[in-house]
Amino acid sequence: MDGPVRTSNSSRSPASPRSTKQDFRNTSTESGDAHSFLRVPAQNLTIGYWACRGLAAPLRMMCAFKAADYVDHQYELFQNAGCFECPPWEEDRQALLTHNPFAALPFVIDGNTVVATAPASSAYLAHKLGLAGANESERFRCQQALAIVYELRNDAMRVLYGPLPVYEQGH
């Protein structure tokens, strides 16, 4: 995985990450497929997203709150002939597809587990880090809160980034 990678751990604040480069693709697998296993240190989680706060911010915050070690892998977009592209993400996405057919950003890698999309990644990390509730009632409350947060976020995105005439018409 090329691009900026930030590592956070319990002794560092997420506001002051240490930049590192890591390649999570195992190039010497038994099957000979360079993308058949994403190599991640067992004690670390990896969070992948664009080089902005966006949908990965809550994932990073959960790790910071629980002082969990994680690698923050960020992808930079490049403009080429008026189009945005990110060849490192396209390459890494192909590797992630061997572990999860829904590979998308943001993603969380935990050993051999690859979880994609913001809601699923949030739920996975909440459960893994002990933030998903201690009993069934608490778990349902957490799921409801997560759903409401995403609804509010989606509504805010439509207002902030959507076409103005749609909102003037009351839609």
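Within the stretch 80-119, being part of a helix (DSSP H, G or I), within 16 Å of Met62 (Cβ to Cβ) and either open to solvent by less than 30 Å² (accessible area, probe 1.4 Å) or modelled with pLDDT of 95 or more (or both) holds for one residue alone: Ala118. Checking each residue in the stretch 60-85 for being free of Cβ contacts under 8 Å to residues at least 40 places away in the same chain and under 14 Å from Gly48 (Cα atoms) picks out only Leu77. The residues on offer are Glu90, Glu151, and the sole one that is more than 28 Å from Asn44 (Cβ to Cβ) and not hydroxyl-bearing (Ser, Thr, Tyr) is Glu151.
Scanning the stretch 144-171 for residues that are within 22 Å of Ala56 (Cα to Cα), open to solvent by less than 100 Å² (accessible area, probe 1.4 Å) and not hydrophobic (A, V, I, L, M, F, W, C), we see that the one that is modelled with the lowest pLDDT is Gly162. Taking each residue of the stretch 133-155 that is on the phi > 0 side of the Ramachandran plot and free of Cβ contacts under 8 Å to residues at least 12 places away in the same chain and looking for partners that are outside any loop (DSSP other than H, G, I, E, B) and open to solvent by 80 Å² or more (accessible area, probe 1.4 Å) with beta-carbon atoms closer than 7 Å, six or more apart or interchain, yields Gly133/Arg139; Gly133/Arg141. I need the full set of residues from the stretch 125-143 which are open to solvent by 60 Å² or more (accessible area, probe 1.4 Å) and closer than 21 Å to Phe102 by Cβ, in order please. Result: His127, Lys128, Gln143.
The values are calculated or read from the model by the stated rules, or taken from the named source; none is laboratory data. Predicted, not measured: the structure shown is a model, and the values here were computed from it. Neighbour counts run over all protein chains shown; Cβ positions are idealised from the backbone, glycine included. Accessible surface areas use protein heavy atoms only, side chains included; no ligands, DNA or RNA. Shrake-Rupley method; radii C 1.70, N 1.55, O 1.52, S 1.80 Å.
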